[in-house]
Amino acid sequence: MAILRNFVVFEGGDGSGTSTQLELLQRRFDEGRQNLPPVVFTFEPTDGAVGQLLRAALRGEVKLRGETMARLFSADRAEHLYGEDGVVQAARRGSLVVCDRYTLSSRVYQGIECGDELPAALNSGFPAPELLLYFDIDPHTALLRLEKRAQKDIYERIDFQLRVRERYLHLLDSCRAEGSRVAVIDASSPVDAVAEEVWQNISLLPIIKRCTTQ
Ligand code: TYD
């Protein structure tokens, strides 16, 4: 797996706050207080055709086997990376691309449902992120955060989320071995403290340093 420079991924169990942190990071870029590079914020599953089918399956409206989910997530990812205005093109042209969830989500979640082999094989050809931020939190606390939401996803169960966390912690070393810089963020800290830690890690990227030291 080759490293895709300028590509950052947020990962974590459900309710770990990756989407909130992505928004806060976006705000920092929007405020324009510092000299920063162009940035693209994105997410998986995407809002494209395959991503929409996946979201219906996540809501439990369409019943799909774990293997089918694994294949759909990787098909959605291929479009996201290589389709029109894709992640790879943006990162290569010098934008910072920050993505909520990526291949590790498939290896963690679909790995629980259909075993390690298929998700690993389906995702082995995608480039690895330059930086991976893993938002670590006790699943009990994380699920409490999601309680107010009207919509519950099929994976939002404590037994499943306990396994999700175990697998994330186990698989982070393989991400390091692929060459990604991996930072474990304590996602139970106050939102602002987490945002600061995220920024500390982002600001170490060469694409940011080049701009801020100009
Ligand atoms: P999440 O990222 O929490 O988004 P939202 O806040 O919109 O609900 O939900 C996406 C769900 O999809 C989450 O439960 C993890 C799951 N998922 C996989 O199982 N495999 C994957 O490859 C990806 C990208 C996500």
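None of the figures in this text is laboratory data; all of them are computed from the coordinates on show. In this text, all values refer to a predicted model and were calculated from it rather than measured experimentally. As a convention, Cβ positions derive from the backbone with ideal geometry for all residues, glycine included, and neighbour counts pool all protein chains shown.
Could you work out the relative contact order of segment 3-212? I mean the mean sequence separation of Cα pairs under 8 Å and 6+ apart, divided by the number of residues, in percent.
RCO, segment 3-212: 35 percent.
Determine the calculated [θ] at 222 nm for the chain from helices alone, applying -39500 (n - 2.57) to every DSSP H run no shorter than 4 residues and normalising by the residue count; nearest 500 deg cm²/dmol.
After summing the helix terms and dividing by residue count, I get -14500 deg cm²/dmol.
So what are the ³J(HN,Hα) numbers for segment 78-93, from phi and the Karplus equation (6.51, -1.76, 1.60; θ = phi - 60°), rounded to whole Hz, Gly and Pro as x?
Here the 3J(HN,Hα) series is 4, 5, 4, 7, 10, x, 4, 6, x, 4, 5, 4, 4, 5, 5, 7 Hz.
Using a Cα-Cα cut-off of under 15 Å, which aspartates and glutamates could be cross-linked to LYS63, ignoring same-chain neighbours fewer than 8 residues away?
GLU113, ASP153
Go ahead and collect, in residue order, the members of segment 97-129 whose backbone nitrogen is under 20 Å from a label point 7 Å along the Cα-Cβ direction of VAL88.
Within reach of a label on VAL88: 97-107, 119-129.
Taking neighbour Cβ counts within 10 Å as the exposure measure, how do VAL88, VAL39, VAL9 sort from fewest upward?
Least crowded to most crowded, the residues run VAL88, VAL39, VAL9.
Mind putting a number on the dipole of segment 3-212 about its Cα centre? Charges go on the C-beta only, +1 for Lys and Arg and -1 for Asp and Glu, and I need it in Debye to the nearest 20.
300
On a straight-distance basis, which lysines could pair with LYS209 in a cross-link, Cα separation under 24 angstrom, same-chain partners fewer than 8 positions away excluded?
Within the straight-line cut-off, LYS209 pairs with nothing.
Give me, ordered by chain and number, the residues 5 or more places off PHE43 or on other chains with an amide H under 5 Å from its own placed amide H.
The list, which skips near neighbours in sequence, is ASP100.
Considering only PHE126, PHE135, PHE73, give the residue with the highest GNM mean-square fluctuation for the chain, with springs between Cα atoms whenever their separation is below 10 Å.
Comparing PHE126, PHE135, PHE73 in the GNM, the peak value goes to PHE126.
May I ask you to order 14-20, 25-31 by the average number of other C-beta atoms within 10 Å around their residues, highest value first?
Per-residue mean Cβ counts within 10 Å order the peptides as 14-20, 25-31.
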